[in-house]
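What follows is calculated from the coordinates using simple rules that are stated; it is not laboratory data. None of these values were measured; they are calculated from a predicted model. We place every Cβ from the backbone using ideal geometry, glycine too, and count neighbours over all the protein chains shown.
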2 protein chains.
Amino acid sequence: MRVLDHPRPEDIRLEAVLHALADPMRLEVVRFLAQAGGEVACSEIDLAVSKSTGTHHYRVLREAGIINQVYRGTAKLNSLRREDLDALFPGLLDSVIAAAARLGTRASSARHSG
Amino acid sequence: MRVLDHPRPEDIRLEAVLHALADPMRLEVVRFLAQAGGEVACSEIDLAVSKSTGTHHYRVLREAGIINQVYRGTAKLNSLRREDLDALFPGLLDSVIAAAARLGTRASSARHSG
């Protein structure tokens with residue numbers, strides 16, 4: 001079973017986390033995982049981008065320390081590293097998710113009207 | 001008197017704010033301004049980079065809506081747009097500043113030993 005690299009909690013950097021979150025697609029993934037509260041297959045999150053672009057966004061999130069990715073059979077399952085992030089940067093994830101959720105309505109309206 | 005462009009509050013985008021914060025120099029400026037609590041001249045913040053690099057970082061922060069920059073005589077004064085940011089993204093700036101402050105000690109130690 002292939003195991004993907006993840007940074008240890010002590011190697012998670014604030015700048016990398018902020019950079020990874022500074023993208024609408026990746027924010028959407030983080031919001032979705034926060035709402036789901038557990039492991040979610042990539043295929044369950046509709047990003048409306050190519051598979052390779054999607055894979056790239058998940059990798060950026062994983063390498064920044066924001067999500068865990070594990071293989072279960074043929075599926076790659078994703079979950080938020082909420083405990084690690086809350087311990088390292090208290091309140092950051094919650095404030096970003098709340099802000100993204102409020103903007104999400106605006107973004108969805110824009111997308112649907114486009 | 002030259003007046004610099006600033007985004008209106010309704011034009012401040014979460015992704016742009018996160019991107020602007022995802023840099024150690026710009027985090028240092030934001031931390032400094034948060035501690036100062038008012039207007040600070042660029043020359044008061046020692047970033048240990050060239051003037052043009054410093055100017056670039058301040059511009060990214062201004063264009064993202066994180067700081068105000070005004071000319072007073074020959075000085076360019078900077079201040080955090082705390083009210084705008086707190087209204088748009090409650091808790092975000094505080095959590096980032098707190099995280100940066102905790103990491104700041106680590107970063108300073110690394111710099112001084114380098």
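A few comments on the model shown:
- Region B:1-92: trypsin sites (Lys or Arg not before Pro) in DSSP loop, at most 14 other beta carbons within 10 Å: B:Arg2
- In this structure, the amide hydrogen of A:Arg81, modeled 1.01 Å from its nitrogen in the peptide plane, lies closer than 5 angstrom to those of A:Ile67, A:Asn68, counting only residues at least 5 positions away or on a different chain.
- Partner aspartates and glutamates whose Cα lies under 16 Å from the Cα of B:Lys76, excluding those fewer than 8 positions away in the same chain, are identified as B:Asp5, B:Glu39, B:Glu44, B:Asp46, B:Glu63.
- Applying the Karplus relation 6.51 cos²θ - 1.76 cosθ + 1.60 with θ = phi - 60° to region A:29-44 yields 3J(HN,Hα) values of 4, 4, 4, 4, 5, 5, 5, 5, x, x, 7, 10, 6, 3, 5, 7 Hz, where x marks Gly and Pro.
- Counted charge near A:Gly65, where neighbours are those whose Cβ lies closer than 14 Å (Asp, Glu -1; Lys, Arg +1): -1
- Within 10 Å of each Cβ in B:22-34, the average number of Cβ atoms from other chains: 2
- Global geometry of chain B, whether rounded, prolate or oblate, following the gyration tensor of its Cα atoms and the 1.5 cut on a/c: oblate
- The Cα-based radius of gyration of the protein assembly as shown, divided by its Kirkwood radius, gives an Rg/Rh of 1.00.
- Debye, to nearest 20: dipole size of chain A, +1 on Lys, Arg Cβ, -1 on Asp, Glu Cβ: 360 debye
- Amide hydrogen neighbours beyond the local backbone of B:Glu39, cut-off 5 Å, H modeled: none
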